[in-house]
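The structure under discussion appears below in the form of structure tokens.
The values are calculated or read from the model by the stated rules, or taken from the named source; none is laboratory data. Keep in mind the model is a prediction, meaning the values are calculated, not measured. We place every Cβ from the backbone using ideal geometry, glycine too, and count neighbours over all the protein chains shown.
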Amino acid sequence: MKNTFGSSVSVTVFGESHGEAIGAVLDGMASGIPVDEEFIAQQMKLRQSIGALSTARREADKVRIVSGVFNGRTTGTPMTFIIENQDTRSKDYGELAYKARPGHADFSAQMKYHGYQDFRGGGHFSGRITAGIVAAGAVAIGALRSKNINIATHILSCGGVYDRSFNDIEKDIKQLNSMEFAVLDEKRAEEIQAVITAAKNDGDSVGGRLETIVTGLPAGVGEPWFDTLESVLAHALFGIPAVKGVEFGAGFAVADMLGSRCNDCFRSADGKIYSDTNNNGGIIGGITTGLPVLFRAAIKPTPSIYKEQETIDLNTLENTTLQIKGRHDPAIVHRARVVADSITALVLCDQLSLRFGTDWLSNI
């Protein structure tokens, strides 16, 4: 299995949803970076379930760092984050040993691992595994903020209800980084929560879109062709369970534009370079331009729904039906946004270390 991402700075995830523990190993981070355990706890809280809008599974998500930190700072050696699973209810998954849940990795995992995989709660394929990414990502976010590089993600849409896009970028980033339910328009936040509640009451689920912005990145980061910053970010983002699409800048809308509208024209003022548009999402030729990096990720509806669905028996390949039980999210888009921030931070720490050297992140 390939569970490691990154070149200079890498992250490895491990564990299963109903196993003893999950976590991550962060390797290659510079020494001397402050490790704020209170901030890690705050980030973990953003990924946790929110009242009736999320699963009834309540995990404390207390992070233990068992290596790579001394006297509150990174040592430069691998950091290991361990998060115990404490609120599992494996009996809910009894019949899933032989019935494949539609929309889940049950069937594909069976084909790859021949029945030896841990199917409880989705096992290693569960969104639960993202908790380790958030823990490691909190260290990466802190390192980036020390270099005045900021990341923020909001729910652009959910169930057909749209939030506004970024307007006053600095103000919006500050607002989002202090919000539990990340929607910029307060009225839209209420409408989105109502849509999620309605889906839950109907035994169904809804998907949505996340929009992420990164400010403060210097121009010149990234590579041409096969390791473009877009391709590296997309590679990592598609590692988040339920992400089915990623677009940068104007995204697919560029297909309907004229070049005169799509091009981001440059101008200078006070020794800085600006553009009034950002249709390319701050990346051209695979390399940052100095404009904000902007992208969106499509999150599919939670596949665990309470309606009866058609499936197959994995042992006999006979047709059958399945009605999922247990505790599940009617939507995960609001919990996934901190994961998007975290995976973005990890990618950027890797790319910046490749460009400027590892010690650049620690101001040494």
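Things worth noting here:
- Each residue in segment 179-215 was checked for being closer than 30 Å to G282 by Cβ, exposed (fewer than 15 other Cβ atoms within 10 Å of the Cβ) and touching a residue at least 40 places away in the same chain (Cβ under 8 Å), and 1 of them qualify.
- On the stretch given as segment 1-29, residues that are among the hydrophobic types (A, V, I, L, M, F, W, C), over 16 Å from V63 (Cβ atoms) and surrounded by fewer than 21 Cβ atoms within 10 Å (Cβ to Cβ) total 2.
- Looking only at segment 218-230, and only at residues there that are among the aliphatic types (A, V, I, L, M) and under 30 Å from V13 (Cβ atoms), the one that is surrounded by the fewest Cβ atoms within 10 Å (Cβ to Cβ): V221
- Test: residue in segment 347-356 that is within 23 Å of S146 (Cβ to Cβ) and assigned to a loop (DSSP other than H, G, I, E, B): no
- Considering segment 231-272, the residues that are touching a residue at least 40 places away in the same chain (Cβ under 8 Å) and farther than 22 Å from G208 by Cβ include one that is surrounded by the fewest Cβ atoms within 10 Å (Cβ to Cβ), namely S231.
- Filter result for S165 (under 20 Å from the mean Cα position of the chain (by Cα), polar (S, T, N, Q) and surrounded by fewer than 13 Cβ atoms within 10 Å (Cβ to Cβ)): no
- Contact map, segment 128-148: residues that are surrounded by fewer than 24 Cβ atoms within 10 Å (Cβ to Cβ) paired with residues that are modelled with pLDDT under 95 and in a helix (DSSP H, G or I), Cβ distance under 6 Å, separation 6+ or inter-chain. No pairs are found.
- Conditions (1) at pLDDT below 90; (2) more than 29 Å from L314 (Cα to Cα); number of the one not met by I65: (1)
- Tally of residues being in contact (Cβ under 8 Å) with a residue 60 or more places away in the chain and over 22 Å from L156 (Cα atoms) across segment 320-346: 8
- Scan segment 34-72 for residues that are more than 15 Å from A135 (Cα to Cα) and touching a strand residue (DSSP E or B) at 6+ places or on another chain (Cβ under 6 Å) and the total you get is 0.
- Among the residues of this structure, R337 counts as one that is part of a helix (DSSP H, G or I), among the basic types (K, R) and closer than 28 Å to G208 by Cα.
- Strands (runs of 3 or more DSSP E) within segment 193-273 that include 1 or more residues modelled with pLDDT under 95: 266-269
- Residue check: M179 meets all listed conditions (1) among the aliphatic types (A, V, I, L, M); (2) modelled with pLDDT of 95 or more; (3) within 30 Å of G32 (Cα to Cα) but one, namely (2).
- Number of residues in segment 1-58 that are part of a loop (DSSP other than H, G, I, E, B), touching a residue at least 60 places away in the same chain (Cβ under 8 Å) and either among the aliphatic types (A, V, I, L, M) or in contact with an Asp or Glu (Cβ under 9 Å, 6 or more places away or on another chain) (or both) equals 24.
- Unmet requirement for N315, which otherwise passes all of (1) under 25 Å from S157 (Cβ atoms); (2) surrounded by fewer than 17 Cβ atoms within 10 Å (Cβ to Cβ): (1)
- Sole exception among (1) within 27 Å of V206 (Cβ to Cβ); (2) at pLDDT 95 or above for I283, by number: (1)
- Matching option when the condition is within 19 Å of the chain's Cα centre (by Cα), of a type in the set (S, T, N, Q) and farther than 25 Å from A41 by Cα, among S178, S157: S157
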